[in-house]
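Reading through the structure tokens given below for one structure.
The values are calculated or read from the model by the stated rules, or taken from the named source; none is laboratory data. Owing to the predicted nature of the structure, the values given are computational and were not obtained by experimental measurement. Ideal geometry is used to build each Cβ from the backbone, glycine not excepted, and the neighbour counts take in all protein chains shown.
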């Protein structure tokens, strides 16, 4: 199902009983975070929150704020227009099974072609709701308190008037936390949609926190080499699949808007920005256009209370200069918060793993399932179940996963047998403790690490630990008999089920 606006999705959540309205003033400084954090820590992610009267420095904002819109399995499935994420995953797996690819590159091409055929490529349109109110700034104008040249009616003059959150007490400022960032490769023209936090410095400048391994950072390095200004556009809101696609682990070169069109079963309509040549969804709520100047010094960005559960420390990042802000007249500002898990991002990440599991299985057919537990804050901890048929197969899977995209950031990979439920952390830990000899079944290696990982001795590089918690084979040097797991006879279980039914019926 395609949502024509973020407001339409919010209304759908409301009708489904998935929305909690907050009708009184709540500060965008810290209060919203505490409010949302308590909701996210509830069973199954709590409710989505609609703050109807957000305040900025004590002043009411005309734009409501929604947080935790994707923070449960049910709401994540609703955003994809499906009864469950598994339903979408099965459909995507069917595309690969129809013509099994022989490599990851071929899988990317196959999916791109299938998505294009079924829902068409994104299409460019002349205008859209995201341009109902347009505010332009002169390229060399410095705006600190909201003085700009406004076209298209009265609206938001600067970033200072959008209800952007200061999330945690030690944060360096206000951060846009669900920004969909559009960049383009200057050599190939390929577009990328990513998500990188954006710290607001003033009404017309922000930080741009793209880490060195990200696609947008690679685009940026090419602009820094040529000295040309890099066009960048940020949008917030619109169809709820957009932030999901911005964080999806797509192979480099695959257009995220193509995935969005597939998931929403309708091609994404794009409009050209007012002050650069990038395109953004016509149904977005807010669009922030601008550029990064490679000749300008980097600027300190942060600290920021991050998804690791700790503050990521201040560091130098590019400065993004705003040349225009456009928005819908009835815009809703969508945000999230990150911190000690579980948080909303856990459900987004879990959906990504389930959706792209068929691609992992294409490279590693022995993989049965994968899970990234909330405690691992995305990729720090990975559970993988495999159908083991030969010695050292678990290590083959570990090394392969560490070589795939963002899986390179995984600090711990635990491999278990096919009959272990990787989504049940207690069950995995039981088999981890029962089936391993620490020295024999562990392997250390080195590689890139998350730039946000404060525990590594060096920035963005560190060690990794793989643990083989599968049943050991004789070919792996195991010389003893492996005992069977305790299980009750199925006939006895059925008989006792009948006993329990009789007891329940007499109450």
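Output the residue which, of all residues in region 44-65 that are within 21 Å of the chain's Cα centre (by Cα) and surrounded by 24 or more Cβ atoms within 10 Å (Cβ to Cβ), is farthest from residue 174 (Cα to Cα).
48
In region 481-496, which residues are in a helix (DSSP H, G or I) and surrounded by 10 or more Cβ atoms within 10 Å (Cβ to Cβ)?
493, 495, 496
Scan region 189-207 residue by residue and report those that are assigned to a loop (DSSP other than H, G, I, E, B), in contact (Cβ under 8 Å) with a residue 24 or more places away in the chain and out of contact with any helix residue (DSSP H, G or I) (no Cβ under 8 Å at 6 or more places or on another chain).
Passing the criteria: 190, 197, 201.
Buried (at least 22 other Cβ atoms within 10 Å of the Cβ), at pLDDT below 95, assigned by TED's automatic domain parsing to the domain that holds residue 217 and more than 15 Å from the chain's Cα centre (by Cα) - does that describe any residue in region 236-252?
no
I'd like to know if region 313-328 contains one or more residues that are under 14 Å from the mean Cα position of the chain (by Cα) and free of Cβ contacts under 8 Å to residues at least 60 places away in the same chain.
Among the residues of region 313-328, not one is under 14 Å from the mean Cα position of the chain (by Cα) and free of Cβ contacts under 8 Å to residues at least 60 places away in the same chain, which makes the answer no.
Taking the criterion of being farther than 24 Å from residue 360 by Cβ and either in a helix (DSSP H, G or I) or within 34 Å of the chain's Cα centre (by Cα) (or both), would at least one residue in region 466-480 satisfy it?
Yes, the conditions are met somewhere in region 466-480.
Residues of region 322-331 being in a loop (DSSP other than H, G, I, E, B) and surrounded by 22 or more Cβ atoms within 10 Å (Cβ to Cβ), which ones?
Scanning region 322-331 gives 328, 331.
Kindly evaluate residue 72 against the criterion of being in contact with a helix residue (DSSP H, G or I) (Cβ under 9 Å, 6 or more places away or on another chain), under 21 Å from residue 357 (Cβ atoms) and modelled with pLDDT of 90 or more.
In short, yes.
Checking residue 43 against (1) in contact with a helix residue (DSSP H, G or I) (Cβ under 8 Å, 6 or more places away or on another chain); (2) in the same structural domain as residue 259 (by TED's automatic domain parsing), only one condition comes out false. Which one?
(1)
I'm checking my understanding of the structure. Among residues of region 211-235 that are touching a strand residue (DSSP E or B) at 6+ places or on another chain (Cβ under 7 Å) and either outside the structural domain of residue 10 (by TED's automatic domain parsing) or at pLDDT below 90 (or both), which one is farthest from residue 273 (Cα to Cα)?
213
Within region 375-398, track down each residue that is assigned to a helix (DSSP H, G or I) and either buried (at least 18 other Cβ atoms within 10 Å of the Cβ) or at pLDDT 95 or above (or both).
If the condition is that a residue be assigned to a helix (DSSP H, G or I) and either buried (at least 18 other Cβ atoms within 10 Å of the Cβ) or at pLDDT 95 or above (or both), then 376, 393, 394, 395, 396, 397, 398 are the ones that fit.
Would you check which residues across region 23-43 are more than 22 Å from the chain's Cα centre (by Cα) and closer than 15 Å to residue 335 by Cα and list them?
26, 27, 28, 29, 30, 31
Quick check on my filter: what residues within region 333-359 are over 16 Å from residue 377 (Cβ atoms), in contact with a strand residue (DSSP E or B) (Cβ under 8 Å, 6 or more places away or on another chain) and surrounded by fewer than 22 Cβ atoms within 10 Å (Cβ to Cβ)?
Once the filter is applied, which keeps residues that are over 16 Å from residue 377 (Cβ atoms), in contact with a strand residue (DSSP E or B) (Cβ under 8 Å, 6 or more places away or on another chain) and surrounded by fewer than 22 Cβ atoms within 10 Å (Cβ to Cβ), region 333-359 yields only 357.
Can you pull out the residues in region 227-252 that are part of a loop (DSSP other than H, G, I, E, B) and in contact with a helix residue (DSSP H, G or I) (Cβ under 7 Å, 6 or more places away or on another chain)?
Answer for region 227-252, where residues must be part of a loop (DSSP other than H, G, I, E, B) and in contact with a helix residue (DSSP H, G or I) (Cβ under 7 Å, 6 or more places away or on another chain): 237, 238, 239, 240, 248, 249, 250, 251, 252.
Among residues belonging to region 182-194 that are surrounded by fewer than 24 Cβ atoms within 10 Å (Cβ to Cβ) and touching a strand residue (DSSP E or B) at 6+ places or on another chain (Cβ under 9 Å), point out the one that is nearest to residue 290 (Cα to Cα).
The qualifying residue nearest to residue 290 (Cα to Cα) is 184.
Table: residues versus (1) in the same structural domain as residue 203 (by TED's automatic domain parsing); (2) within 25 Å of the chain's Cα centre (by Cα); (3) assigned to a loop (DSSP other than H, G, I, E, B); (4) at pLDDT 95 or above.
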site: 135; (1), (2), (3), (4): yes, no, no, no
site: 139; (1), (2), (3), (4): yes, no, yes, no
site: 144; (1), (2), (3), (4): yes, no, yes, no
site: 147; (1), (2), (3), (4): yes, no, yes, no
site: 157; (1), (2), (3), (4): yes, no, yes, no
site: 160; (1), (2), (3), (4): yes, no, no, no
site: 170; (1), (2), (3), (4): yes, yes, yes, yes
site: 181; (1), (2), (3), (4): yes, yes, no, yes
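For region 11-45, which residues satisfy the criterion of being over 23 Å from residue 304 (Cβ atoms) and in a loop (DSSP other than H, G, I, E, B)?
Within region 11-45, 16, 17, 18, 42 qualify.
Could you pull out the residue among 465, 452 that is closer than 28 Å to residue 421 by Cβ and surrounded by 14 or more Cβ atoms within 10 Å (Cβ to Cβ)?
Every option except 465 fails the conditions.
Based on this model, can you work out whether residue 432 counts as within 21 Å of residue 410 (Cβ to Cβ), surrounded by 10 or more Cβ atoms within 10 Å (Cβ to Cβ) and touching a residue at least 24 places away in the same chain (Cβ under 8 Å)?
Criteria met by residue 432.
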